[in-house]
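The values are calculated or read from the model by the stated rules, or taken from the named source; none is laboratory data. Fair warning: this is a prediction, and the values are worked out from it, not measured in the lab. Don't worry about glycine lacking a Cβ; one is built from the backbone with ideal geometry, like all the others, and counts go over all protein chains shown. Note: accessible area is taken over every heavy atom of the protein model, side chains too, but ligands, DNA and RNA are not part of it. Shrake-Rupley method; radii C 1.70, N 1.55, O 1.52, S 1.80 Å.
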Amino acid sequence: MKLNSVDQILDYAIQKEQEAADFYSDLAANMEHANMKHVFLSFSAEEQGHKAKLLAVKEGKKMMPSVEKIQDLGIGDHLVDIALTPGLDYQDALIVAMKAEKAAFKLYSDLAEATDDDNLRTVFLGLAQEEAKHKLRFEIEYDDRMLNDN
């Protein structure tokens, strides 16, 4: 897919954030326990927040650069891909979420690299860091619940 304008790039990123929000809502719907549902619904809300940032940028708002570098534990990088299916257990849901956040990080990193617009680059690098934070939270949860319990 070739994106030729800032508006096309932003529209694409906005669509991806909506898809991410829907993904976490669907994941929440597959969880049996209320606390698991809550975790994924909160991530859905965060993705909606990313969408709102992108919409604001599209309307001309400038964003401040992110200077924070997020640690990557790399846990999700070495786990097998899991299909999103009804009845997914918590461990598999965490794996799916880690991989989704890694893909989102790569998307925003690639978009930042591809643009000549400084404000847009700043926005995409900031969103890449947000996605890295999400992945880290899932990795920590996975480490605490799955690796330390075994």
Relative contact order as a percentage, the range 85-150, C-alpha pairs under 8 Å and 6+ apart, gives 40
With Gln48 itself left out, Lys, Arg at +1 and Asp, Glu at -1 over residues whose Cβ is under 13 Å from its Cβ give -3
Largest-first ranking of His38, His50 by accessible area, probe 1.4 Å, whole protein assembly kept, is His38, His50
For Lys62, counting only lysines whose alpha-carbon sits under 20 Å away and dropping same-chain residues fewer than eight positions off, the answer is Lys51, Lys53
For Leu120, the net charge from surrounding residues (Cβ-Cβ under 13 Å; K, R +1; D, E -1) works out to -2
Between Ala34 and Lys58, the two model label points (7 Å from Cα along the beta-carbon direction) sit apart by a distance in nm of 3.7
For Arg145, placing the label point 7 angstrom along Cα-to-beta-carbon and taking the range 18-60, residues whose amide nitrogen sits under 17 Å are 24-45
